[in-house]
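This report refers to the structure that appears directly beneath it.
The values are calculated or read from the model by the stated rules, or taken from the named source; none is laboratory data. The structure presented is a predicted model; accordingly, all values stated were derived computationally and were not measured. We place every Cβ from the backbone using ideal geometry, glycine too, and count neighbours over all the protein chains shown. The accessibility values were calculated without ligands, DNA or RNA, using every heavy atom of the protein model including side chains. Shrake-Rupley method; radii C 1.70, N 1.55, O 1.52, S 1.80 Å.
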Amino acid sequence: MNLFSLVWNYLVAKPLNTFLNCLLLALGIAVITILLLVQTQLMTKISDNAKGIDLVVGAKGSPLQLILCNIFHIDFPTGNIKLAEAEKLVRNKMIKKAIPMALGDSHSGYRIIGTNTDYPQLYHAVLEQGDWWKKSLEVVIGSQVAQQLQLSINDTFAGTHGLSNEGDVHEGHHYRVVGIMKKNNTVLDNLILGNIESVWLMHQEESVSPSPTDSSLLASTLLPAVTAVDSTMEITSLLIQYRSPMAAIQLPRLINSQSNMQAASPAFETARLFSILGVGVEVLNGFAYVLIVIAALSIFIALYNSLKERRYDMAIMRSMGATRTRLLFTTVLEGITMTVIGSVGGLVLAHGALMIIADTVSEVQSTGITGFLFLPVESLLLSASVGLGAVCALLPAIQIYRADISKVLASN
Amino acid sequence: MISTTKLAFNYPSSDSIHFNDLEIAPREDCLLLGESGSGKTTLLHLLGGLLRTYQGSIKVNSNELKELPEKEMDFFRGKQYGFVFQKNHLIHALTVEKNVLLSFYLANLPINMERMKEVLDSLGLYNKRKSRVTQLSYGQAQRVAIARAIVHRPSIIIADEPTSALDDQNCNKVMELLLQVASQNESTLIVATHDQRLKGIIKKQIHLHHAMR
């Protein structure tokens, strides 16, 4: 017999009431926690994926689409740009590094990217097995790709035209896996990387292109294997690193006004994306707070109502030696116990739900969002719930504190 | 051990009640008799330290009750008193056993499981100790209330109308039980009642008259 056992017995004596109160609070806390977890993880994913990329240059269209497609690999390309034009741009002194990207094919939903090894280096990718690609049609795959498609070194597969599963299969040429990257929680995990020539090779049957390799002329700055100023070759985009902060002001304007290409800044576009998504997040957050307020109200009402029937209990306990402060404390502890159970339940619910979602929904899986991440804010939520319980219980507790025992005992 | 002098109490309705001086020796059993409205419950609450705004004096074990600070009064009450109320109100959320153990806990005494079992056993409630109090019959509930009042060996047992709802047979049983546990525990037993059947059981009787003025 102790204080907590007394409080616990009171709570268990009304299991449905207690359950409802805890559930209401748990739902509110769970929604807030899920939003926090997803938001935090998405933010870090986005900044990790956009790290080191100051500007994306591609065909004219939606700048957001350009970013989504070329950095996060979730939207479709805006079109192609001429390799010759890209080369001309890269000669600009403000550019420190430019990585060419050629998109268009996929394998079982995983995108095949034609690029150079600067691209994986941008993300500090490390090989788990094998080696980087050296020739056309050799590819290095991300860890998620290897795991989901059960691919290992020397396996071959045919690319599918387009970025969805419904495209035509390029049966003429097969890719061969030469390396598998270690998981590094960036987009690379879900990509298949090879050289740009492979992507061109795939599409040779459809568009008549000159053979890329036999040239004694000046080599392209972007793709040494290709003749410079080759007017027919196209790529999807360029990922650009600035040499100096000044470039951020001049380069985008230069590209957008003086070429057929467009430049989009990942930082600016993702900020814009978040301000669009922000409305939805705000609504959900508001909904969660409403749930929490309702839970608090419900706990308050439950304690207030039980006060009436417990008046006599309290008077009896006073007659048995309980002090006013002890009874006050009992009531406050009862409120706190409920809110702590509710918020712990909410946190468990949130993490559990995210674990299940991350395990079953492939779209979420590819973003790398996990339920196993615990944020420092969660302990803050927990301590706030202690405060909430105390506040809910305070008014009923004060009423108990003030009760006249003799009057209660004498009134039958 | 319990003595009052010139005791008077003002009701909030500005009525006041005056009590004749009384003296109850240790281990003495005492009956407070009077019709309802005669101030029995008021006197019991005054003697039990539940009402503390009185004139005159109440001394229990040579402590003037109104001079004890409230907290000390609570502890004093917890250790020295055992109350049996008319309605044997038990804490519904707790089992029989925990209702009884509450006496130790609230009086800040060490939890004595042996004593609890002994008391429940002597009242024939041992096999009911894990039951919920809502599953008990009236008689069983009353015995639990008595067990709760005496388990911590108080020096004073105060019972308010313990027999008013009982038939003759049960009335005798309960009184026998109260007298027995009081003498076993060497406690003073004070019973307030309007039940005339008890007149023949306890010798020392204090009659309260409608003394409102």
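The table that follows gives values for the structure above.
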read-out	value
Residue-normalised accessible area of segment A:1-150, given per residue in Å² at a 1.4 Å probe	42 Å²
Proximal aspartates and glutamates to A:K135, defined as alpha-carbon separation beneath 15 angstrom and excluding residues fewer than eight positions away on the same chain	A:E197, A:D214
Prolate/oblate/rounded call for segment A:84-204, Cα gyration tensor, a/c under 1.5 rounded	oblate
Protein accessible surface hidden between B and A, which excludes ligands and nucleic acids, total in Å², probe 1.4 Å	2700 Å²
Cα gyration tensor shape of segment A:55-264, rounded if a/c is under 1.5, else prolate or oblate by comparing a/b with b/c	prolate
At least 20 Å along the helix axis (C-alpha) and Kyte average at least 0.0, DSSP helices within chain A	A:15-50, A:266-319, A:324-360, A:376-402
Gaussian network model of chain A, Cα within-10 Å springs - most flexible of A:A322, A:A98, A:A350	A:A322
Packing-based order for A:388-401, B:28-41, using average beta carbon neighbours within 10 Å, highest first	A:388-401, B:28-41
Cβ-based charge dipole, segment A:268-412, positive-most Cα from A:A350, A:F300, A:Q399	A:Q399
Sum of -39500 (n - 2.57) over DSSP H runs of 4+, divided by residues of chain B (222 nm, nearest 500)	-10000 deg cm²/dmol
Complex-versus-alone comparison for segment A:1-22, residues with a loss of 30 Å² or more in accessible area, probe 1.4 Å	A:M1, A:L6, A:N9, A:A13
Cβ-based charge dipole, chain A, positive-most Cα from A:L16, A:A146, A:P63	A:L16
Order by protection proxy (mean Cβ within 10 Å, highest first), peptides A:109-116, B:106-113	A:109-116, B:106-113
Volume per residue that the Cα convex hull of chain A spans, once the total is divided by residue count, Å³	172 Å³
Cα-based radius of gyration of chain B once divided by 2.2 N^0.38 Å, which approximates compact folds	1.01
Carbon/sulfur fraction of accessible area - the protein assembly as shown, other protein chains in place, 1.4 Å, %	58 percent
Burial of 10 Å² or greater, segment B:61-82 residues [accessible area, probe 1.4 Å, versus chain by itself]	B:E70, B:K71, B:D74, B:F75, B:R77, B:G78
Surface per residue (accessible, 1.4 Å probe) for chain B, Å²	44 Å²
Computed helical MRE - 222 nm, chain A, DSSP H runs ≥ 4 contributing -39500 (n - 2.57), nearest 500	-18500 deg cm²/dmol
Cut-off 14 Å between beta-carbons: net charge of the residues surrounding A:T331, Lys and Arg +1, Asp and Glu -1	+4
Fraction of beta bridges assigned by DSSP in the protein assembly as shown that are antiparallel (%, nearest 5)	65 percent
Selected from B:D74, B:D160, B:D168 as most flexible by GNM, with chain B as the system and alpha-carbon contacts under 10 Å	B:D168
Three-way shape label, segment A:150-193, alpha-carbon gyration tensor, a/c 1.5	oblate
Around A:S244: net Lys/Arg minus Asp/Glu count, Cβ-Cβ under 15 Å	+3
Most mobile listed residue (A:Q65, A:Q250, A:Q144) in chain A, GNM with C-alpha springs under 10 Å	A:Q250
Positions from segment B:31-50 whose accessible area shrinks by 20 Å² or more when the full protein complex is built, not the chain alone, probe 1.4 Å	B:H45, B:L50
Solvent-accessible surface (1.4 angstrom probe) belonging to B:H194, in square angstrom, nearest 10	80 Å²
Of B:I206, B:S131, B:V151, farthest towards positive along the dipole that unit charges on Lys, Arg, Asp, Glu beta carbons give segment B:2-207	B:S131
Phi to ³J(HN,Hα) by Karplus 6.51 cos²θ - 1.76 cosθ + 1.60 over segment B:194-207, Hz, x for Gly, Pro	10, 7, 5, 4, 7, 4, x, 9, 10, 6, 6, 10, 10, 9
Lysine pairs with alpha-carbon atoms under 23 Å apart, segment B:53-163, spacing 8 or more or separate chains	15
Probe 1.4 Å, protein heavy atoms only - accessible area per residue of segment A:236-383 in square angstrom	49 Å²
Accessible surface, 1.4 Å probe, highest first, among residues B:R115, B:R197, A:R243	A:R243, B:R197, B:R115
Averaged over B:85-94, number of beta-carbon atoms from partner chains that fall within 10 Å	6
Candidate aspartates and glutamates - alpha carbon under 18 Å from A:K88, same-chain residues fewer than 8 apart omitted	A:D230, A:E234
